[in-house]
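**Student:** The structure is given below, and queries will be raised subsequently.
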């Protein structure tokens with residue numbers, strides 16, 4: 001199975017530093033195969049015969065044991081991630097401004113009141129556990145942050161820009177192509 005593993009809150013402003021080369025080695029030693037990472041914000045694609053929950057626990061434990069701090073970890077099967085990519089309701093409407101697109105993934109599907117009022121110029125749409133965002137002024141200026149969604153839903157959230165979402169999809173294809 002190919003898994004997407006997202007870490008939240010590492011390497012931000014010098015806090016919870018995790019070097020990706022070191023993490024790739026640690027995860028490989030822990031039994032994951034063909035571990036790939038993308039940039040320093042905790043985007044990982046790896047293969048494993050373990051269940052999704054076992055991979056999540058293993059990554060969590062490796063980081064806590066080696067680096068000495070806890071990090072929220074979300075794990076997705078490759079097919080689920082590719083569904084996230086295809087399900088973006090903003091792709092057609094904002095195809096000329098993909099830099100403004102982001103994906104927030106919640107730990108599970110929330111019970112959000114629909115609709116609810118948010119005083120923002122940004123657009124958002126929930127599709128199951130995903131919150132698709134269009135932030136024309138940049139994610140750094142939106143009210144629709146991880147903290148906002150966590151407070152609103154009571155669930156852990158992590159966000160990636162659309163370029164990262166697509167890069168992870170490409171990493172999945174690369175991992176799939178290395179199966180014997």
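**Student:** Evaluate Rg over Rh across region 82-166, taking Cα atoms for both radii and Kirkwood's formula for Rh. Could you put the intermediate results ahead of the total?
**Tutor:** Values: Rg = 11.9 Å, Rh = 12.9 Å.
When Rh is taken as the Kirkwood radius, the ratio is 0.92.
**Student:** In nm, what is the difference between 0.36 nm times the number of residues separating residue 98 and residue 52 and their Cα-Cα distance?
**Tutor:** In short, 13.6 nm is gained.
**Student:** Give me the extension gain from residue 117 to residue 91: residue separation times 0.36 nm, minus the current Cα-Cα distance, reported in nm with one decimal.
**Tutor:** Working it through step by step, the gained length comes to 7.0 nm.
**Student:** Same structure again: Sequence gap at least 6, Cα distance under 8 Å: using those rules, report the relative contact order of the chain to the nearest whole percent.
**Tutor:** It rounds to 24 percent for the chain.
**Student:** Show me the ranking of peptides 59-71, 148-160 by mean Cβ neighbours inside 10 Å, starting with the highest. List each step's numbers first, then the result.
**Tutor:** Numbers: 59-71: 15.5, 148-160: 18.2.
Sorting 59-71, 148-160 by mean packing, highest first, produces 148-160, 59-71.
**Student:** Provide the packing ranking of 86-97, 131-142, i.e. peptides ordered by the mean count of other C-beta atoms within 10 Å per residue, highest first. Intermediate results must be reported in sequence, preceding the final value.
**Tutor:** On the way: 86-97: 13.0, 131-142: 17.3.
Packing order, densest peptide first, comes out as 131-142, 86-97.
**Student:** Can I ask one more? Let me check against my output: what whole-number percent is the relative contact order of region 2-80, with C-alpha pairs under 8 Å and at least 6 apart? Walk me through the intermediate numbers first.
**Tutor:** Details: 126 pairs, mean separation 32.9, N = 79.
42 percent.
**Student:** Of the listed values [x] 16.5; [y] 16.9; [z] 16.0, identify the label whose number matches Kirkwood radius over Cα pairs in Å calculated from this model.
**Tutor:** For Kirkwood radius over Cα pairs in Å, the calculated option is [y].
**Student:** Expressed as a rounded percentage, what relative contact order does region 82-166 have, with Cα pairs under 8 Å and six or more residues apart?
**Tutor:** 40 percent
**Student:** Mind telling me which of 12, 127, 35 comes out most flexible in a GNM of the chain, alpha-carbon contacts under 10 Å?
**Tutor:** Comparing 12, 127, 35 in the GNM, the peak value goes to 12.
**Student:** Okay, moving on. What is the extension gain from residue 13 to residue 1, computed as 0.36 nm multiplied by their sequence separation minus the C-alpha to C-alpha distance, in nm to one decimal? Display every interim value, and only then the final one.
**Tutor:** On the way: separation 12, 0.36 × 12 = 4.32 nm, distance 3.37 nm.
Additional length available on full extension: 1.0 nm.
Where a number appears in this text, it was derived from the coordinates with a stated rule and is not lab data. Since the structure is predicted, the reported quantities are computational estimates derived from the model, not experimental observations. With ideal geometry, Cβ positions are generated from the backbone for all residues, glycine too; neighbour counts draw on all protein chains shown.
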